[in-house]
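Here's the structure we're looking at; comments come further down.
Read-outs throughout are calculated quantities, based only on the coordinates presented, and are distinct from any laboratory measurement. What you are looking at is a predicted structure, and each value in this text was computed from that prediction instead of being measured. Glycine also receives a Cβ, built like all others from the backbone with ideal geometry; neighbour counts cover every protein chain displayed.
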Amino acid sequence: MSQWLKPKALRPGDCIGIAAPASCFDEDSFQAAVQSVEKAGFRISMRDDIRARHRYLAGPDARRAEELNALLADPEICAIFFARGGYGTQRILPLLDVSPTKTHPKIVVGSSDLTVLHAYLHHHCRWVTFYGPMLSTHLGPKAPPVNWEWLLKICGERKPIGTLPAPGLIVIKPGRADGPLLGGCVALIQAGIKTIYEWPTAGGILFLEDRGIKLYALDRMLTHLKHAGLFRGVKGIALGSMVLSADEPRPDDLVPMLTEFFHDFPGPVLCGLPAGHCDPFLTLPLGVRVTLTTDPPCVTINESAVA
């Protein structure tokens, strides 16, 4: 069973807090997503100044940190969703105070820039968290219904979900592995090395995804992770969306590059998990035990993510 603390299952009528700890966001897409959450039967709590702007950030560091601290400490808040990613969450981590609620985990759902918050909560609180959709990009009325349906399934069902619906997975390295699922956006995992939000990856199944990158830049980031020891002790690797930049001259070389890079990795490696900067986006529970197999290629969630 998981070594991490599990939050209570999400139920209609629960109060969901919304924060903007990173970049400012598009108002129309954000408001449409908020309305979708309300129509699903949930109450919403957010600050009046969530739409603040400070250069490329959703307000100054102090505002963003106070907002997140308040949601973490409020016993009425059952889950925390985020307006968008972008950049800025890592700036406020030293300002967070998790001591009032450390042993009372909440459902925390976010991706991309929120990778650093997942790592921070795992390191300081041992919470199960959820690598999932952001409001302004993945939960509006135009988003695939499976984004919201899978989020509710993962966060609401107190039983193992089983095999993820992920056809088309590509085997990079064959094998089988079991362990807690960890990880997130490659660039943010790299940025966390030697900081308070470095991922403790040994013994886990490492999930990696990213967007807007060229092959050489992805190669460089993966090489840095390898040299820094983040693959040491990792049981298996599940690669999610790897969205190359529009001007990448050799997009067809992605799988060959990954095959070459992971040729000496001792465990199995799969590519193409529908999670990350993509639609559909299947929410992944971080900290729960999963099995990664390549014959057939699949990822199976072995325990409930909620209590």
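What's the local net charge at Cys278, with K and R +1, D and E -1, over the other residues with C-beta under 10 Å away?
Combined, the nearby Lys, Arg, Asp and Glu give -1.
Remind me, relative contact order of the chain in percent, using alpha carbon pairs under 8 angstrom and six or more residues apart?
In percent, rounded to a whole number, it is 23.
Only four residue types carry charge here, +1 at the Cβ of Lys and Arg and -1 at the Cβ of Asp and Glu. Report the dipole size of the chain about the Cα centre in Debye, rounded to the nearest 20.
640 debye
With θ set to phi - 60°, apply the Karplus curve 6.51 cos²θ - 1.76 cosθ + 1.60 along the stretch 74-91 and write out the HN-Hα couplings as whole Hz, x wherever there is a Gly or Pro.
Whole-Hz 3J(HN,Hα) from phi for the stretch 74-91: 6, x, 7, 7, 8, 8, 10, 10, 10, 4, 6, x, x, 7, x, 4, 5, 5.
Evaluate the distance, in nm, between pseudo-label points positioned 7 Å from the Cα of Gln31 and of Ile196 along their respective Cα→Cβ axes.
3.6 nm
Dipole magnitude of the stretch 73-142 about its Cα centre, charges +1 at Lys/Arg Cβ and -1 at Asp/Glu Cβ only, in debye to the nearest 20?
160 debye
Residue by residue through the stretch 290-307, which ³J(HN,Hα) values in whole Hz follow from phi under the Karplus form 6.51 cos²θ - 1.76 cosθ + 1.60 (θ = phi - 60°), with glycine and proline marked x?
Result, ordered by residue: 10, 10, 10, 10, 10, 9, x, x, 6, 10, 10, 8, 9, 8, 5, 8, 10, 9 Hz.
Provide the percentage of antiparallel DSSP beta bridges, counting only those with both residues in the chain; round to the nearest 5.
40 percent
Using a/c under 1.5 as the rounded threshold, could you call the stretch 267-307 rounded, prolate or oblate? The axes a ≥ b ≥ c are square roots of the C-alpha gyration tensor eigenvalues, and prolate needs a/b larger than b/c, oblate otherwise.
oblate
Counting only C-alpha contacts under 8 Å and six or more residues apart, can you give the relative contact order of the stretch 162-301 as a whole percent?
So the answer I get is 39 percent.
Consider just the alpha-carbon atoms of the stretch 189-307 and return their Rg together with their Dmax, both in angstrom.
Final numbers for Rg and Dmax: 14.4, 47 Å.
Using a 7 Å offset from the Cα along the Cα-to-Cβ direction at both Ala307 and Ala9, what is the distance between the two label points in nm, to one decimal?
Modelled inter-label distance: 1.5 nm.
Could you pull the Cα extents of the stretch 1-41 along its three principal axes, largest to smallest, in whole Å?
Taking the Cα atoms of the stretch 1-41, the three principal extents are 41, 26, 14 Å.
Expected output is a single nm value to one decimal: the length gained when fully extending between Met257 and Ser99, i.e. 0.36 nm times separation in residues minus the C-alpha distance. What is it?
Additional length available on full extension: 52.5 nm.
If you project the alpha carbons of the chain onto their three principal axes, what span does each projection cover, largest first, in Å?
51, 42, 37
Only four residue types carry charge here, +1 at the Cβ of Lys and Arg and -1 at the Cβ of Asp and Glu. Report the dipole size of the stretch 162-301 about the Cα centre in Debye, rounded to the nearest 20.
440 debye
Just to confirm the filter: which chymotrypsin sites (Phe, Trp or Tyr not before Pro) across the stretch 70-119 are DSSP coil and have at most 15 other Cβ within 10 angstrom of their Cβ?
Tyr87
With a cap of 11 neighbouring Cβ atoms within 10 Å, and only residues DSSP puts in a loop, list the chymotrypsin sites (Phe, Trp or Tyr not before Pro) found in the stretch 28-59.
Here the chymotrypsin sites (Phe, Trp or Tyr not before Pro) that fit, given the DSSP loop and packing criteria, are Tyr56.
Mind listing the phi-derived Karplus ³J(HN,Hα) values for the stretch 267-278, rounded to whole Hz, using 6.51, -1.76 and 1.60 with θ = phi - 60°, and x for any glycine or proline?
For the stretch 267-278, the Karplus-derived couplings read x, x, 9, 10, 10, x, 5, x, 8, x, 7, 7 Hz, x marking Gly and Pro.
First check a/c for the stretch 120-193, with a ≥ b ≥ c the square roots of the eigenvalues of its C-alpha gyration tensor; if it is under 1.5, answer rounded, and if not, answer prolate when a/b is larger than b/c or oblate otherwise.
It is rounded, given that a/c, with a ≥ b ≥ c, falls under 1.5.
Which order do the peptides 232-239, 99-106 come out in when sorted by mean C-beta neighbours inside 10 angstrom, highest first?
Per-residue mean Cβ counts within 10 Å order the peptides as 232-239, 99-106.
Report the relative contact order of the stretch 15-156, percent, no decimals, based on alpha-carbon pairs under 8 angstrom and at least 6 residues apart.
29 percent
Would you mind calculating the gained length between Ala70 and Asp247 on full extension (0.36 nm times residue separation, minus the Cα-Cα distance), in nm to one decimal?
Computed gain between Ala70 and Asp247 is 59.5 nm.
Hey, with R₀ at 30 Å, roughly what FRET efficiency would Tyr216 and His123 work out to, going by the Cβ-Cβ distance, to 0.05?
My answer for the efficiency is 0.45.
Using only DSSP helix segments of four residues or longer, with each worth -39500 (n - 2.57), what per-residue ellipticity at 222 nm results for the chain after dividing by its residue count and rounding to 500?
Calculated mean residue ellipticity at 222 nm is -8000 deg cm²/dmol.
Would you be so kind as to identify which of Cys271, Leu225, Thr259 lies farthest towards the positive end of the dipole of the stretch 222-281, taking Lys and Arg as +1 and Asp and Glu as -1 on Cβ and the Cα centre as origin?
Value computed over the given set: Leu225.
For the stretch 15-156, what are the per-bin percents of Cα-Cα distances with bins 10 Å wide, up to the bin holding the maximum?
Bin by bin from 0 Å, the calculated values are 12, 48, 35, 5.
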